[in-house]
1. From the square roots a ≥ b ≥ c of the eigenvalues of the alpha-carbon gyration tensor of the range 276-322, which class results: rounded (a/c under 1.5), prolate (a/b over b/c), or oblate?
2. Between 72, 177, 37, which gets the highest mean-square fluctuation from a Gaussian network model of the chain, Cα cutoff 10 Å?
3. How far is it, in nm, from the label point at residue 272 to the one at residue 53 when both lie 7 Å from their Cα along the line to the Cβ?
4. Using only Cα atoms, locate the centre of the range 261-303 and the centre of the range 57-99, then give the distance between them in Å, rounded to an integer.
5. Springs between alpha-carbon atoms under 10 Å, Gaussian network over the chain: tell me which of 229, 253, 101 tops the mean-square fluctuations.
6. Could you work out how far apart the two model spin labels at residue 151 and residue 262 are, taking each label as a point 7 Å from the Cα in the direction of the beta carbon, and quote it in nm?
7. If I build a Gaussian network model for the chain, linking alpha-carbon pairs within less than 10 angstrom, which residue out of 54, 261, 178 has the largest mean-square fluctuation?
8. Can you tell me what share of the DSSP beta bridges in the chain is antiparallel? A percent to the nearest 5 is fine.
C-alpha cells in the first residue's frame, strides 16, 4: 500500500470537506472528488507529488436542486463515463444525533427523523475538456425512492433512516448505458443490494430531467452482512467497496463482481475478495473507491485519523496495487 496527499484550499478545510470525503473518480488530469456535507464537488490536479490546485463547483450552477443551492446534497457517489460526470445523493432520511446529556432532550432527538430534499438527486453533467456543463437531474417526484415506493424488497425501508438499515445510496458506476447504484442499506438477511437502471433525458419546461426506463433490475449479493459503500468499473467487472451498514467500525473489503457471469442473486462463491482494507476505531472509514488508469485502486476515508492530516491542510488517501 502507498499513500498520496490530497491538498484542499482554505475554504474546503473550513467546511471540513477534506474530513468528509465520500466519492472519487479519476479525471484526465487529476481527480474528481466530493464530500457528503456540502452541495459542491471538487477537482484536484496532479502536481507531481500530490493532488492540489483545487477547483470547486457548485452543483446548483449545473442542475436545479430541489431545496435550493446551499442545502447539503450528501453526495455519496461519482461516476465518469461516456463524456459525463455523474453524482448521486444518499436518498436517505436522517435521524438526529444525540447532542445533550439531558435524557429527555436526547430521547427527543433520537425520535426526530428529517428529510432533506437535496439528498434525493441523481445528476449527470456533460464534460468538455474536464469542464462540466449544464446537466440533467433525476429528482423531485421522479426521484429514485419514488420509483421504489411499491418495491416488495426496498419499499418497506424507505421510511427508515439510512443509519438504521434504511434505504441509503452510497455509490454509482456507469458501464455502457447501464447505471449501477450501490446501496449501503438495506441489507436483507445478510444480502446487499445493487440496483441497475437505464436512464433517458427529457426536456421538461425547458429544464433537463432524467427519467428511468422501466423496468429496473435488482441484484442481491452475499457480502457477509456488509453493505455497499462504493463501486467502480474494472473492465467487465465491478469492484465493490463493502462495509458495515450501521454506524459501526469495519470490517471493510473490496470485492469483485462479474455481472456478465452472475446476476440477480449472487452467492458468496461467485464473488472474489480483492483486498481487506484497514479501518480505525471511530475514524478512518473507507468511503470512496476509484480504479486508476494504471490499474491501482485509490481509497479515500471519511473521519480520517489525525495521522492522515498533513501540515499543508491535506489528507492522505491510500493506493493499493492488485
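No value in this document is a laboratory result; all are computed from the given coordinates. Treat the numbers as computed from the prediction; the structure is a model and nothing was measured. With ideal geometry, Cβ positions are generated from the backbone for all residues, glycine too; neighbour counts draw on all protein chains shown.
1. oblate
2. Result: 177 has the largest fluctuation of those listed.
3. Taking the two extended label points, one gets 3.6 nm.
4. What the calculation gives is 22 Å, centre to centre.
5. For the chain, modelled as a Gaussian network with Cα springs under 10 Å, the answer is 101.
6. Those two pseudo-labels are separated by 2.1 nm.
7. Fluctuation is largest for 261.
8. Antiparallel bridges: around 95 percent, rounded to the nearest 5.
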